[in-house]
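The values are calculated or read from the model by the stated rules, or taken from the named source; none is laboratory data. On a predicted model such as this, the values are computed, not experimentally measured, just so you know. Note that we place each Cβ from the backbone using ideal geometry, even for glycine, and neighbour counts take in every protein chain shown. For the accessible areas, the whole protein counts, side chains as well, though only heavy atoms, and no ligand, DNA or RNA atoms are used. Shrake-Rupley method; radii C 1.70, N 1.55, O 1.52, S 1.80 Å.
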Amino acid sequence: VNHHYEVEKEVQALSDVHDFNMHEFNIMDGGKTALACTYRVQLINLADFGRPTEESYVTVGGFVEVDIETSKVLFQWDSFDKVALHESNMFHASDHPAGSPGWDYVHINAVDKNKAGDYLISLRFTDTIYLISGQDGNIVWRLGGHESDFEQDFTFSKQHDVTFVSSNGTHHVISFLNTAS
């Protein structure tokens with residue numbers, strides 16, 4: 001929308017997502033692209049919980065970057081094969097399997113992009129902020145949570161609204177809301 005709240009462009013939701021998440025929709029590159037959080041339903045094996053013969057549905061958190069003019073997906077990432085179930089603080093090895101849409105085990109709630117093309121995301125139910133490579137989608141580092149790559153002298157949890165304040169490719173200053181539940 002413009003400054004008069006009139007619609008200027010519309011981006012179509014992806015057909016294969018459970019939810020085009022309401023947490024985040026960032027307009028990037030001077031209005032050329034948009035970042036949005038997504039949720040997909042996925043059936044997974046519970047081997048990470050020591051139960052390799054069982055399966056459960058999960059709601060996989062992720063994000064897309066789309067071309068605003070065409071709604072074409074330029075980059076897509078989700079937690080399915082990158083964030084293990086044991087990183088979640090919401091579900092545990094003793095929990096019963098769930099039917100669709102399943103456990104929301106990560107709950108993505110923010111995505112931002114730096115000039116180097118990497119993405120910063122917040123997964124609320126892992127208490128972790130992740131830097132995602134814009135080249136290959138791999139996790140570059142984790143801040144917080146069970147698998148943090150950093151030693152911290154502070155704690156945070158259930159964070160929201162993670163953004164780059166500045167980023168030069170090797171050093172990043174970020175901001176986020178510590179919900180601290």
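Of the residues Ile108, Ile121, which is within 13 Å of Phe63 (Cα to Cα) and touching a Cys at 6+ places or on another chain (Cβ under 7 Å)?
Answer to the check: Ile108.
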| task | For segment 1-33, enumerate the residues that are at pLDDT 90 or above and open to solvent by less than 40 Å² (accessible area, probe 1.4 Å). | result | Met28, Thr33
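Restricting to strands (runs of 3 or more DSSP E) lying wholly in segment 66-173: which have 1 or more residues that are of a type outside the set (Ser, Thr, Tyr) and open to solvent by 40 Å² or more (accessible area, probe 1.4 Å)? I'd like the intermediate steps shown before the answer.
Details: elements: 73-78, 108-113, 119-123, 128-132, 139-144, 160-167.
Fully inside segment 66-173 and qualifying: 73-78, 108-113, 139-144, 160-167.
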| Residue satisfying condition, being touching a residue at least 24 places away in the same chain (Cβ under 8 Å) and within 14 Å of the chain's Cα centre (by Cα), within set Ala116, Ala93, Ala84 | Ala84
| Could you list, in sequence order, the residues of segment 49-65 that are among the small types (Gly, Ala, Ser) and either within 19 Å of the chain's Cα centre (by Cα) or assigned to a strand (DSSP E or B) (or both)? | Ser56, Gly61, Gly62
| request: Could you run through segment 50-65 and say how many residues are out of contact with any Leu (no Cβ under 9 Å at 6 or more places or on another chain) and surrounded by 14 or more Cβ atoms within 10 Å (Cβ to Cβ)? | output: 4
